[in-house]
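Engineer: Attaching a single structure in structure tokens format; questions to follow.
Only the coordinates and a few stated rules stand behind these numbers; no lab work does. Just so it is clear, the structure is predicted and the values come from calculations on it, not from any experiment. All Cβ positions, even for glycine, are placed from backbone atoms using ideal geometry, and neighbour counts span all protein chains on display.
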Amino acid sequence: MTLWAGRFETPMAQALWDLSESYSFDVTLYEHDIRGSHAHVEGLRSAGLLSDDEARLLRSTLEAVREEIARGEFVRHDSDEDIHMAIERRATELAGPVGAKIHTARSRNDQVATALRLFTRDALTGIATRVLDLVAALRELADSNATAYLPGYTHLQRAQPVLLAHHLYAHAWALVRDVERLVDTRERANVSPLGAGAVAGTSLPIDPDRTARLLGFREAFANSMDAVSDRDFVAETLFDIALLGVHLSRMGEELVLWTSAEFGFAALGDDFTTGSSMLPQKKNSDVAELARGKSGRLVGNLTSLLVTLKGLPLTYNRDLQEDKEPLFDSVRQVELVLRALAGAYRSLSFNAPVAARAADDEFLVAIDIAERLVEAGMPFRRAHERVGRAVGDAVRRGVGLATVVAESEDLALYGELFEAGSALDLRTSPGASGPAAVAAQRERLDAALARAHSRVSA
Ligand code: ARG
């Protein structure tokens with residue numbers, strides 16, 4: 001019998017039970033549900049709705065249930081509809097009659113919302129911490145290849161040389177924004193719905209501010225209807241994870257390219273690559289492909305929740321139970337990807353000579369010659385046209401740009417620009433890809449990281 005069977009004459013049909021039970025997935029929330037119940041019990045005690053002895057007994061009982069679940073000894077009963085009912089049912093078995101008081105002035109609607117916010121708060125902190133570790137892995141790779149450079153691409157065509165650090169920091173900046181976003185979301189999620197009851201609060205003298213404080217929430221809800229029906233914090237979390245997933249997917253795609261024989265810019269360690277069941281020579285970058293592939297379901301989970309929320313009348317509707325699996329899935333999957341990608345970058349060896357050869361492509365010097373002509377007083381559009389003609393000649397004759405430049409009276413003095421690495425050194429403007437600018441950028445990145453770290457742990 002469920003805990004709410006009082007007003008029913010026949011038991012629930014199996015088909016409805018199978019559709020509506022959520023224990024099979026919301027058992028994930030047990031720890032957060034018990035935290036919420038501890039605060040609720042303390043709230044009931046200070047409101048005079050439980051004696052000190054009753055509260056003490058309920059709290060030690062909640063701890064006993066927590067340990068049963070943690071040790072894997074908890075036995076679900078057939079009537080346990082979800083983790084919240086299961087915990088109350090077991091606590092009542094263990095504590096005796098006082099167990100029947102634990103749900104005073106509480107509904108599953110505020111109880112579930114409370115547990116879910118506590119879960120989300122922890123998950124956001126956990127993900128942000130992992131993102132920062134991935135950024136640390138990128139920084140380590142940049143540091144251990146401090147002079148390495150490669151072509152910067154637009155349209156996946158070689159464009160201008162960039163320091164490897166500059167390239168990796170580009171990803172780092174996106175990830176720092178992800179961390180900021182996760183923490184912003186955590187701030188908005190950090191409001192307690194406990195005490196909202198089913199929809200309209202209660203006639204009993206509870207103090208939601210007190211339970212909010214006990215749970216470390218910034219404040220308690222202002223509106224009981226909003227408190228039980230708001231899932232913005234889940235939607236925001238799913239968006240943050242989806243966008244983070246898109247960033248990780250782009251990084252994954254890049255690793256796939258870099259580790260291909262065609263690029264040959266990098267190799268992942270044996271511990272972060274997989275073999276082929278048929279082809280003995282294969283060493284595959286599955287880690288990068290999964291980083292790319294997982295992003296699909298992360299975007300799907302966000303879409304799924306938004307569609308679930310759309311059109312729901314106030315307040316709680318059972319549809320809201322569908323918020324949990326997408327959230328749990330996105331949290332788990334993105335954590336898996338973050339951990340594996342950080343390891344993959346730490347295992348990566350960058351093939352600096354191969355990347356430098358690609359970046360020393362003579363055509364990448366074209367813009368620098370044009371800019372020297374500009375310094376000599378030529379309008380940029382004419383300089384572009386002049387160097388463009390030299391490039392055209394080189395392409396038609398099948399020779400390098402340096403050859404054509406050396407043969408041209410007006411350009412020959414720029415021959416030294418073709419020395420390996422000199423185009424990189426010329427990238428000096430603020431935020432540019434050359435060594436001096438990147439050194440300055442690194443200080444800004446460090447400051448941004450310090451701020452992100454302190455926000456995450458605040
Ligand atoms: N398992 C449900 C959920 O996660 C519990 C809420 C049920 N509330 C209710 N009023 N029927 O949403």
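Engineer: Using only Cα atoms, figure out Rg for region 179-252 and give it as a multiple of 2.2 N^0.38 Å.
Structural biologist: Working: Rg = 15.8 Å, N = 74, 2.2 N^0.38 = 11.3 Å.
The value comes to 1.40.
Engineer: Looking at region 358-458, which GluC sites (Glu not before Pro) are in a loop (DSSP not H, G, I, E or B) and have at most 13 other Cβ atoms within 10 Å? Don't skip to the end; give the middle numbers.
Structural biologist: Working: sites: 362, 371, 375, 385, 407, 409, 416, 419, 443; in loops: 409, 419.
Here the GluC sites (Glu not before Pro) that fit, given the DSSP loop and packing criteria, are 409, 419.
Engineer: Can you tell me the Rg and the Dmax, both Å, for the Cα atoms in the chain?
Structural biologist: That works out to 29.9, 101 Å for Rg and Dmax.
Engineer: Under 13 Å from the 7 Å Cα→Cβ point of residue 207, by amide nitrogen: which residues of region 21-62?
Structural biologist: Inside the label zone: 42-49.
Engineer: Can you classify region 1-46 as rounded, prolate or oblate using the Cα gyration tensor, where a ≥ b ≥ c are the square roots of its eigenvalues, rounded means a/c under 1.5, and otherwise it's prolate if a/b beats b/c and oblate if not?
Structural biologist: On the way: a/c = 5.93, a/b = 1.62, b/c = 3.66.
It is oblate, given that a/c is not under 1.5 and a/b is not larger than b/c.
Engineer: What are the GluC sites (Glu not before Pro) within region 24-91 that DSSP puts in a loop, where the Cβ has at most 10 other Cβ atoms within 10 Å? Write out the running numbers ahead of the final one.
Structural biologist: Numbers: sites: 31, 42, 54, 63, 67, 68, 73, 81, 88; in loops: 73, 81.
Answer by residue number: 73.
Engineer: Determine the gain in length on full extension of the stretch residue 154-residue 63; use 0.36 nm per residue of separation and subtract their C-alpha separation, reporting nm with one decimal. Walk me through the numbers on the way to the answer.
Structural biologist: Numbers: separation 91, 0.36 × 91 = 32.76 nm, distance 5.79 nm.
That works out to 27.0 nm of additional length.
Engineer: Say each of residue 261 and residue 173 gets a label point 7 Å from the Cα, pointing the same way as Cα to Cβ; how far apart are those two points in nm?
Structural biologist: 3.7 nm
Engineer: Hey, another quick one. Taking the Cα atoms only, what angle lies between the long axis of helix 30-46 and the longest principal axis of the chain, rounded to 10 degrees?
Structural biologist: Roughly 50 degrees, rounded to the nearest 10.
Engineer: Enumerate the amide H contacts of residue 149 below 5 Å, restricted to partners 5 or more residues apart or on another chain; note that Pro and chain-start residues carry no placed amide H.
Structural biologist: The answer is 164, 356.
Engineer: Let me ask something else. Hey, got the dipole for the chain? About the Cα centre, +1 on K and R Cβ, -1 on D and E Cβ, debye to the nearest 20?
Structural biologist: On the way: 51 positive and 66 negative charges, 78 e Å.
Roughly 380 debye, rounded to the nearest 20.
Engineer: Using r as the Cβ-Cβ distance of residue 444 and residue 136, and R0 as 22 Å, what FRET efficiency do you calculate, to the nearest 0.05? Please report the intermediate quantities before stating the final value.
Structural biologist: Values: r = 17 Å, r/R0 = 0.75.
With R0 = 22 Å, the Cβ-Cβ based efficiency is 0.85.
Engineer: Once you have a ≥ b ≥ c as the square roots of the Cα gyration tensor eigenvalues for region 46-115, tell me rounded if a/c is under 1.5, and otherwise prolate or oblate according to whether a/b is larger than b/c.
Structural biologist: Numbers: a/c = 1.85, a/b = 1.28, b/c = 1.44.
It is oblate, given that a/c is not under 1.5 and a/b is not larger than b/c.
Engineer: What is the Cα convex hull volume of region 275-355 when expressed per residue in Å³? Don't skip to the answer; put the middle values down first.
Structural biologist: Working: hull volume 11.2 nm³, N = 81.
For region 275-355, the hull spanned by Cα atoms encloses 138 Å³ per residue.
Engineer: Loop sites only, by DSSP: take the trypsin sites (Lys or Arg not before Pro) in the chain that have at most 16 other C-beta atoms within 10 Å and name the longest stretch containing none of them. If you can, show how the numbers build up before the last one.
Structural biologist: On the way: sites that count: 71, 76, 218, 282, 283, 310.
Answer - 311-458.
Engineer: Something else: Once you place label points 7 Å from the Cα toward the Cβ at residue 274 and residue 51, how far apart are they in nm?
Structural biologist: It works out to 6.2 nm between the two label points.
Engineer: Compute the separation of the alpha-carbon centres of region 304-370 and region 110-187 and state it in Å as a whole number.
Structural biologist: 9 Å
Engineer: Could you give the C-alpha radius of gyration of region 156-297 expressed as a fraction of 2.2 N^0.38 Å, taking N as the number of residues it contains? Walk me through the intermediate numbers first.
Structural biologist: Working: Rg = 23.3 Å, N = 142, 2.2 N^0.38 = 14.5 Å.
In units of the globular-protein estimate, region 156-297 measures up at 1.61.
Engineer: Please report, largest first and rounded to whole Å, the three semi-axes of the ellipsoid equivalent to region 364-458, where each semi-axis is the square root of five times an eigenvalue of the C-alpha gyration tensor.
Structural biologist: Working: eigenvalues 301, 36, 25 Å².
Value: 39, 13, 11 Å, ordered largest first.
Engineer: If you don't mind, another one. Of the peptides 195-208, 259-272, how do they stack up when ordered by the mean number of other Cβ atoms within 10 Å, highest first?
Structural biologist: On the way: 195-208: 17.6, 259-272: 15.4.
Going by the mean number of other Cβ atoms within 10 Å, highest first, we get 195-208, 259-272.
Engineer: In degrees, nearest 10, range 0 to 90: what is the angle between the Cα axis of helix 286-309 and the longest Cα principal axis of the chain?
Structural biologist: Between helix and principal axis, roughly 50 degrees.
Engineer: Could you give the semi-axes, largest first, of the ellipsoid that matches region 261-408, computed as the square roots of 5 times the alpha carbon gyration tensor eigenvalues and rounded to whole Å? It would help to have the intermediate numbers written out before the result.
Structural biologist: Working: eigenvalues 512, 147, 32 Å².
Working through the eigenvalues yields semi-axes of 51, 27, 13 Å.
Engineer: Something else now. Taking 37 °C and 0.692 mPa s as the conditions, I'd like the Stokes-Einstein D for region 310-366 in µm²/s, using the Kirkwood hydrodynamic radius from alpha carbon pairs.
Structural biologist: Values: Rh = 16.3 Å.
The Stokes-Einstein estimate is 201 µm²/s.
Engineer: Another one. Where a ≥ b ≥ c are the square roots of the eigenvalues of the C-alpha gyration tensor, would you call region 1-131 rounded, which needs a/c under 1.5, or, failing that, prolate if a/b is larger than b/c, or oblate? Mind showing how you got there, number by number?
Structural biologist: On the way: a/c = 1.65, a/b = 1.05, b/c = 1.57.
In terms of gyration-tensor shape, oblate.
Engineer: Something else now. Say R0 is 22 Å: what FRET efficiency, to the nearest 0.05, do residue 420 and residue 380 get from their beta-carbon distance?
Structural biologist: Working: r = 26 Å, r/R0 = 1.19.
Computed FRET efficiency for residue 420 and residue 380: 0.25.
Engineer: Hey, with R₀ at 30 Å, roughly what FRET efficiency would residue 225 and residue 306 work out to, going by the Cβ-Cβ distance, to 0.05?
Structural biologist: The pair residue 225/residue 306 has a calculated efficiency of 0.90.
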